[in-house]
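Trainee: Quick one: the structure is below, and I'll ask about it shortly.
The values are calculated or read from the model by the stated rules, or taken from the named source; none is laboratory data. Note that the structure is a prediction, hence the values are computed from the model and not measured. Ideal geometry is used to build each Cβ from the backbone, glycine not excepted, and the neighbour counts take in all protein chains shown.
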Amino acid sequence: MLTAKRPPRGKERDNLKKLTGHLEEKNGRYYAAVNHYSSDGKRHVKWYNLDVEAKKGNKRKAESNLTALLEKLNAANTFLMESMKPAERECYRLANLPAEEYLSEWIEDHKRNVSVRTYQGYRQYLYGRIIPFFQSQKLILKDISGDHLNRLYRELFEDGLKGATIQRIHSILHLAFKAAVKRGILPFNPCERAERPKAQPFIASYYNADEIKKLLEVAAGDELHLVILLTAYYGLRRSEVIGLKWSAIDFSEKKISIRHKVIEEFGEPVGYDVMKTKSSYRTLPLLPQIEEELKKQLAFKERMKKAFRKGYCYDYDDYVCTNAIGQLYTPDYVTNHFGVLLNQNGLRHIRFHELRHSCASLLLAKKVPMKMIQDWLGHSDIQTTSNIYSHLDAQSKLESADVIAAALEN
């Protein structure tokens, strides 16, 4: 990334030499000989054809064309651009770009810093809501203010977007403008002069023990039975359960390691050994119920290989959760099929990710300490676990109530 000193502003810019010039005759035509200045102050002359024949009676027209040319060059700050070093000239160009053009350039430059999935999400927000707003406002980058952003957030709220969604848009803009400040394009980040959108705390839905038992019962014959079972018992993220490999399962030591994930990129499942956080890498005990189902899955895969022969897909052979012909499930397929399964069996609707919350709620109900739940779920810190699940810890509140009541009665 190119970092440059900011371009001249105010009095600094006024002190720079504006372009001047005079008429010259060459090959029977009038030309403008214009004085330009390089970044080190040296003068050099550029010739411009004025489209006027050098003959009697045409000089006044040529002088008029010269005046118009100089006004055009100076109005476009050509004198300023000529005085800048290349890096400064690039900053000046970007600062004067229409806001939507800068954002389009920024996201393509920024995509190497994020995953493909994140890049796709940023583009959806940019081209879906952010860029159309700036196009309607006809703003150049350097003129964006906190008031403009407040207007954007207000319009999004009036269109029915939730606070959490508007916060994500604010975060994307903050990243884009932070890059502009770092490169010397902007003197400050306009997001820091806007009101950060507020969001209602998200309270997830979850199943109780009876509901999970019912779910596992109806899912017994479903193709996603193993995916649902692993998620309910271990509270895995969707990317973690799809990314589970046979090489991560130790049947002799009765351990299962979470160290690989699968996300969806352009409609296809793609595996990564890089997890969400360092704490996402964890080793859990291989429960007897899970071991039994995994061995059934191994036997099922062998039967399918014999049945389909060359038609079987071996590309994902090390993955646990594959379909009948060996193909890996995509995250979106899991989400959509899970919803269909609930509807077909008359079960209360929850998101697939809320199976993870259901697992945590059962652990809390059995008085498992919050620190142990953090380790089980692979949260990066206990504060994350507490923020998400503290509202479920009704038993601790009852115990606190008993303590204070007993203390005041004595």
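Trainee: If you check Val274, Val270, Val320, which single one turns out to be in the same structural domain as Asp381 (by TED's automatic domain parsing), surrounded by fewer than 12 Cβ atoms within 10 Å (Cβ to Cβ) and of a type outside the set (D, E, K, R)?
Mentor: Values: Val270 fails: surrounded by fewer than 12 Cβ atoms within 10 Å (Cβ to Cβ); Val320 fails: surrounded by fewer than 12 Cβ atoms within 10 Å (Cβ to Cβ).
Criteria check complete, one pass: Val274.
Trainee: Could you grab me the full set of residues in the stretch 183-203 that are within 22 Å of the chain's Cα centre (by Cα) and more than 22 Å from Ile131 (Cα to Cα)?
Mentor: Answer for the stretch 183-203, where residues must be within 22 Å of the chain's Cα centre (by Cα) and more than 22 Å from Ile131 (Cα to Cα): Ala199, Gln200, Pro201, Phe202.
Trainee: Take Leu298 and decide whether it is surrounded by 16 or more Cβ atoms within 10 Å (Cβ to Cβ) and at pLDDT 95 or above.
Mentor: Criteria not met by Leu298.
Trainee: Here's something else I'd like to know. Could you please find all residues in the stretch 136-153 being of a type outside the set (Ser, Thr, Tyr) and either part of a helix (DSSP H, G or I) or touching a residue at least 60 places away in the same chain (Cβ under 8 Å) (or both)?
Mentor: Answer for the stretch 136-153, where residues must be of a type outside the set (Ser, Thr, Tyr) and either part of a helix (DSSP H, G or I) or touching a residue at least 60 places away in the same chain (Cβ under 8 Å) (or both): Gln137, Leu141, Lys142, Asp143, Gly146, Asp147, His148, Leu149, Asn150, Arg151, Leu152.
Trainee: Another question, if that's okay. Which ranges mark the helices (runs of 4 or more DSSP H) fully within the stretch 194-271 that have 1 or more residues being in contact (Cβ under 8 Å) with a residue 60 or more places away in the chain and closer than 13 Å to Ile290 by Cβ?
Mentor: 225-234, 238-242
Trainee: Which condition number in (1) more than 30 Å from Lys261 (Cα to Cα); (2) out of contact with any strand residue (DSSP E or B) (no Cβ under 9 Å at 6 or more places or on another chain); (3) in contact (Cβ under 8 Å) with a residue 12 or more places away in the chain is the one that Ala176 fails?
Mentor: Only one criterion is unmet by Ala176, namely (1).
Trainee: Considering only residues that are surrounded by 17 or more Cβ atoms within 10 Å (Cβ to Cβ) and at pLDDT 70 or above, which ones fall in the stretch 70-88?
Mentor: Leu70, Leu73, Glu88
Trainee: Report every pair of residues separated by at least 6 positions or lying on different chains whose Cβ atoms are under 6 Å apart, first residue within the stretch 48-59 and surrounded by 11 or more Cβ atoms within 10 Å (Cβ to Cβ), second assigned to a loop (DSSP other than H, G, I, E, B) and of a type outside the set (D, E, K, R).
Mentor: Partner pairs satisfying both residue conditions: Val52/Asn58; Ala54/Gly28.
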